[in-house]
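Take a look at the structure set out below.
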Amino acid sequence: MPKHVATFAFLLAATPAFAGPPYISDDAEPTDYRHFEIYAFTEGVAAKADASGSFGIDFNYGAAPDLQLTAVLPVEYDAPAIGASTMGVGNIELAAKYRFAHQADIGWDIAVFPRLFMPSASPNIGDQHISFLLPLWAQKDWGDWSTFGGGGCVLSRGGGSQDYCLAGWALTRAVTPDLHLGAEIVHQGATTKGGRVLTALGAGATYDVSETYHLLAYWGPSLENPSENGRYDWYAAVLFTF
């Protein structure tokens, strides 16, 4: 998973209103029917002396009205302060977002977005077992504003991992026709036995270069247990829509 969701389950797919990436909180709007959204992304987490993260492709396709299919292919790296650095193919993600409620009917879009994380293909990179995320996401848009978020739980039993839950909420605004800015707060339970919970803030930006090319960026500091979870996380991507 993106480290943005691998430290935070770096989880979550985009919409024309640019909810979801670059934020950890996801939206409820699937990719438009028979359209593609493809992210070339990089992301990471910075600790006091260590650094870890990933880069890769996040592929989304509108397979049917209200149904988005997603595949994420990450290459992960770990650069500890002491010891050798490692890099390899991480946990490939397969997911499907289904929107079952619409703003036009009840005032909110609501969707489920289950994700399956496959065992890592590389020793000492990512998790060596299958895990599963089942979240519920909601979204509301009005004028230049959009708010979205929700959460769910991860089933991850293998090695030192344990089941945990996460939640997040974001608010964004179109400050110009091409530039969107936003902020969010997120919280996650301990992902490992003896681990610590994580609470963090984040700020994101998206810029439309054209109808096809878009730039995304995110940065957020940890508010809780930064020595264990990292001082801050970041994300950057080029999004192709067609």
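The values are calculated or read from the model by the stated rules, or taken from the named source; none is laboratory data. Given the structure is predicted, the values throughout are model-derived calculations rather than measurements. FYI the Cβ positions are ideal-geometry reconstructions off the backbone, even for glycines, and counts take in every protein chain you see. We work out accessible area using only protein heavy atoms, side chains counted, and drop any ligands, DNA or RNA first. Shrake-Rupley method; radii C 1.70, N 1.55, O 1.52, S 1.80 Å.
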Query - Ranked order, 208, 32, 27 - accessible area, probe 1.4 Å, largest first - result: 32, 208, 27
Query raised in the report: Using the Cβ atoms and a cut-off under 14 Å, what net charge is assigned to the surroundings of residue 32, where Lys and Arg are +1 and Asp and Glu are -1?
Result: -3
Requested in this report: Could you do me a favour and compute the accessible area per residue for the chain, 1.4 Å probe, result in Å²?
Outcome: 44 Å²
Query raised in the report: Where Lys and Arg each count +1 and Asp and Glu each count -1, what net charge lies around residue 57 among other residues with Cβ under 12 Å from its Cβ?
Result: -3
Requested in this report: Determine ³J(HN,Hα), in whole Hz, for all residues of the range 197-213 in sequence, where each value follows from phi through the Karplus function 6.51 cos²θ - 1.76 cosθ + 1.60 and θ = phi - 60°; x replaces Gly and Pro.
Outcome: 5, 10, 10, 8, 9, x, 10, x, 8, 10, 9, 7, 6, 7, 5, 9, 10
Report task. Could you order 213, 164, 77 so the one with the most accessible surface comes first? Probe is 1.4 Å. Result -> 213, 77, 164
Requested in this report: Would you mind calculating the gained length between residue 211 and residue 223 on full extension (0.36 nm times residue separation, minus the Cα-Cα distance), in nm to one decimal?
Outcome: 0.7 nm
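Over the chain, what percent of the accessible surface lies on carbon and sulfur atoms, probe 1.4 Å?
The nonpolar share, carbon plus sulfur, comes to 65 percent.
Once fully extended, how much extra length lies between residue 121 and residue 59, figured as 0.36 nm per residue of separation less the alpha-carbon to alpha-carbon distance? Display every interim value, and only then the final one.
Values: separation 62, 0.36 × 62 = 22.32 nm, distance 1.90 nm.
Taking residue 121 through residue 59 to full extension adds about 20.4 nm, to one decimal.
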Query raised in the report: When the Karplus curve 6.51 cos²θ - 1.76 cosθ + 1.60 is applied with θ = phi - 60°, which whole-Hz ³J(HN,Hα) does each residue of the range 129-146 get, with x for Gly and Pro?
Result: 9, 6, 9, 9, 10, 10, x, 10, 10, 10, 8, 9, 10, 8, x, 8, 9, 8
Query raised in the report: Okay, helix-only estimate at 222 nm for the chain: each DSSP H run of n ≥ 4 adds -39500 (n - 2.57), divide by all residues, round to 500 deg cm²/dmol; what do you get?
Result: -500 deg cm²/dmol
Requested in this report: Would you check the accessible area of residue 85, probe 1.4 Å, heavy atoms only, in square angstrom rounded to 10?
Outcome: 80 Å²
Query raised in the report: Can you work out ³J(HN,Hα) from phi for every residue in the range 99-106, in order, using Karplus 6.51 cos²θ - 1.76 cosθ + 1.60 and θ = phi - 60°, giving whole Hz and x for Gly and Pro?
Result: 8, 10, 9, 10, 4, 4, 9, 10
